[in-house]
Amino acid sequence: MEDESGSLPPKSDFSAWYNDVLWRAEIMDVRYPVKGLYVWFPFGFGLRRHTYAILRSLLDGSGHDETLFPLLIPKTEFMKEAEHIKGFEEEVYWVTHGGLTELDVPLALRPTSETAMYPMFALWVRSHADLPIKVYQIVNTFRYETKHTRPLIRLREITSFKEAHTAHATWDEAAAQVETALSLYTQFYDDLCVPVIISRRPDWDKFPGADYTMAVDALMPDGRTLQVGTAHHLGTHFSKTFNITYEDAAGEQQFVSQTCYGISERCIAAAIGVHGDDRGLVLPPKVAPVQVVVIPIIMKKQAEEVRAAAEQLRAELDAAGLRVKVDDRDLRPGAKYYHWEMRGVPLRIEVGPRDLAAGTVVAATRDGEKMTLNRAGLAAEIPGVLSAFAGRLRERAEASLTSRIIPAESVETAVEATKSGIAVVHWCGDEACADMIEKETNASVLGTEVRSVHIEKSEGACIVCGRPGTSTVIARTY
Ligand code: A5A
Ligand code: ZN
């Protein structure tokens, strides 16, 4: 699979860089013969595995239970919630035949699992004691996307859809769960060293069947935002449709209030896009499939000693719980550096004859910090080196985001700001004003009630009509 021919386009040419790096770093193979469907290379799948392990542990640690529902949803269930159908009807794949026999009830490939899960919730919930329900699954979902498809970003088979679904006794409890979800997502993106902006989507952009939608957006290098997660308050829309009720203390049947929240492999696209550089991927240590690569510098003399020392170091780092690899292929060291830099490995350690004699190793982080470390006690040093590296990734990403958040007091300034990043404007909440802003800027109103350490909430005159407005983020989006 190794292809070192030609060179990676510079990251400033983001779209070309992105496609090329996914191939060269062996994340996704885009040659599968169905549009919008891609294949995970084993290295990419390792990145996925470690990324989703964090997500799993966050969810497991906060009272969620993992579950697994069927992929196929009967049309009869799917068509029950009017807004939900309207939102998805153009995106659903249908299974109409079993072999040569036409099915009595066509089956939808889940685009998301509300209508698979909630008929079962109706059976599971009887009394107050059955609440809350908090479950999640990590599955593939299918959406017949008509916009430009892109690996990890817009897929027709989303392979790594983490969807959580909850049911509560009251609307307020569900609202509190939306906040919990946002805080879990904030921690998750902090582990990926990716700063995010949370906002409340305008009503016309909320999830089909939701009372409101909170969205999490990351800023990509080309100045466009990528929606990397959403949390929806579903109110009682679905519980009324699927008759999910519990008996309250007074013996009355009450409809549950629900939430759902989701993240897809876009989280990996964001980490790749935000941290990568002209030499390839730069991976946050917590998710890097290889965290440390050991490169034996083999010369004629002491070749065996160097090999043995590299293997000894590997064993020590492995025992310390680090994901480590020795690259003892018969290649020039330079070719190996190139190989592992492309794959984003956070730390490289070189072991050569001179180091053996001196009792040291030479180490280099993926962002170019070189250091000489004592061989003795090295395994205990590495976690600190990796977390300092993660800290620098986080700081650089923060700086890059803040430099591209631009307050705009007029539509003209918003047009300028959204060419390279995010405009913060005052908007009155009126759809006509939003239409005007979107038309002029070619960007989208991401939302209001903005949560970001970089954006202070404020009141001011709507940049279109002058009526009272609040801070609103606008950006070109993926
Ligand atoms: N049931 C809820 C959780 C739901 O489906 N929400 S959602 O439609 O907003 O999807 C959740 C997240 O999946 C989105 O925020 C987005 O980050 C991601 N996503 C949606 N469509 C996608 C696609 N075609 N390809 C990749 N990711 C997608
Ligand atoms: Zn207005």
**Q.** Per-region count, the range 429-468, residues within 10 Å of ligand 2 (Cβ to nearest atom), free of Cβ contacts under 8 Å to residues at least 40 places away in the same chain and over 14 Å from ALA408 (Cα atoms)
**A.** 6
Q | Odd one out for SER400, checked against (1) within 30 Å of MET371 (Cα to Cα); (2) within 14 Å of ligand 2 (Cβ to nearest atom); (3) not hydrophobic (A, V, I, L, M, F, W, C) | A | (2)
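Please tell me if PRO151 is at pLDDT 95 or above, in contact with a strand residue (DSSP E or B) (Cβ under 9 Å, 6 or more places away or on another chain) and open to solvent by 30 Å² or more (accessible area, probe 1.4 Å). First the steps, then the outcome.
On the way: at pLDDT 95 or above: yes; in contact with a strand residue (DSSP E or B) (Cβ under 9 Å, 6 or more places away or on another chain): yes; open to solvent by 30 Å² or more (accessible area, probe 1.4 Å): no.
The answer is no for PRO151.
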Q | Matching residues in the range 195-219 - criterion: being away from ligand 1 (no atom under 13 Å from the Cβ) and either assigned to a loop (DSSP other than H, G, I, E, B) or open to solvent by 20 Å² or more (accessible area, probe 1.4 Å) (or both) | A | PRO195, ARG200, PRO202, ASP203, TRP204, ASP211
Q.
Conditions first: (1) open to solvent by 10 Å² or more (accessible area, probe 1.4 Å); (2) part of a loop (DSSP other than H, G, I, E, B); (3) of a type outside the set (Phe, Trp, Tyr). THR180 passes all but one, so which condition is the exception?
A. (2)
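Does ASP104 satisfy being open to solvent by 40 Å² or more (accessible area, probe 1.4 Å) and either in contact with a helix residue (DSSP H, G or I) (Cβ under 9 Å, 6 or more places away or on another chain) or within 16 Å of ligand 2 (Cβ to nearest atom) (or both)? Break it down stepwise before answering.
Values: open to solvent by 40 Å² or more (accessible area, probe 1.4 Å): yes; either in contact with a helix residue (DSSP H, G or I) (Cβ under 9 Å, 6 or more places away or on another chain) or within 16 Å of ligand 2 (Cβ to nearest atom) (or both): no.
So ASP104 does not fit the description; no.
The values are calculated or read from the model by the stated rules, or taken from the named source; none is laboratory data. Note that the coordinates shown come from a computational prediction; the quantities given were computed from them, not determined experimentally. Quick reminder, even Gly has a Cβ in these numbers, built from the backbone with ideal geometry, and neighbours come from all protein chains shown. Surface accessibility is based on the protein's heavy atoms, side chains included, excluding ligands, DNA and RNA. Shrake-Rupley method; radii C 1.70, N 1.55, O 1.52, S 1.80 Å.
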